[in-house]
Amino acid sequence: MSKKNLFNKKFNKSVLSINKRIESFFNFFKENFSSKKIFSRNLNAIDKRIFFTIAIIVIAITGYFLSPSFFDKNKIKAELENQILDQYNLKVKFENNLKYGLLPKPHFVSKNATIEYETNDIARSKNLKVFITMNNFISSDKIKIKNLLFRQTEFRVDKTNFKFFIDLLNFNKSDKDINFINSKFFYLDRNDDVIFFTKLKSLNY
């Protein structure tokens with residue numbers, strides 16, 4: 001009788017041990033390989049990939065649009081002066097270093113600029129914005145002018161250089177605009193005395 005009881009105890013203990021192992025195996029499988037767990041892990045991995053992809057795209061686009069700010073200032077100054085002369089027959093000299101601005105549209109700005117006509121200074125502008133196209137910002141040689149905006153420009157004109165305005169209008173080889181905002185027009189006599197002046201709120205070529 002005692003032998004039989006001893007056998008039954010050992011058998012029950014073995015069965016319980018096997019049951020525990022089986023249960024432990026299924027619990028482990030459920031915790032680590034269940035479809036919900038796998039889906040959650042995959043979703044987290046996808047979320048991270050999407051986040052890093054978007055971050056890389058944003059950084060690349062931002063870097064592209066800000067790249068003109070790292071151009072050599074003297075080189076870009078000479079490039080823009082040459083383009084203005086070629087496209088508008090307008091000889092402009094930037095007196096200060098150019099600064100790059102992104103908003104509202106990509107542009108370079110100069111606080112002081114001089115307009116020359118036939119070797120003489122005909123106007124001085126306190127603020128000149130050179131808006132550029134967004135086609136290629138990789139190299140300063142690829143920068144293209146879109147339009148010009150002069151602010152607070154003083155024209156000093158006499159009968160010898162009044163033709164400047166006609167030449168500017170006739171020579172323009174493109175549909176790009178030249179705008180003069182809040183400017184003044186001084187007409188001088190042969191002694192450089194002011195005969196009359198007028199304010200130009202807006203002059204658009």
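Observations on the structure shown:
- Mean-position separation - Cα centroids, the range 62-106 and the range 130-162, in angstrom: 9
- Student exercise, the range 54-205 dipole from Lys, Arg, Asp, Glu Cβ charges, in Debye to nearest 20: 480
- Total formal charge among the other residues, if their Cβ is under 15 angstrom from that of F70, Lys/Arg +1 and Asp/Glu -1: +2
- Three-way shape label, the range 148-205, alpha-carbon gyration tensor, a/c 1.5: oblate
- With the charge dipole of the range 47-159 set up from +1 on Lys and Arg Cβ and -1 on Asp and Glu Cβ about the Cα centre, the Cα lying farthest toward the positive end among the listed residues I50, N112, L128 is that of I50.
- Per DSSP, loop trypsin sites (Lys or Arg not before Pro) in the range 95-185 with at most 10 further Cβ within 10 Å: K159, K173
- Shape summary of the range 86-145, radius of gyration then Dmax from alpha carbon positions: 12.6, 36 Å.
- Two-decimal ratio, the range 50-205, of alpha-carbon radius of gyration to 2.2 N^0.38 Å: 1.21
Values in this text are rule-based calculations from the coordinates and carry no lab data. Here the structure is a predicted model, which is why all the values come from computation and not from measurement. Note: ideal-geometry Cβ built from the backbone for every residue, glycine included; neighbour counts use all protein chains shown.
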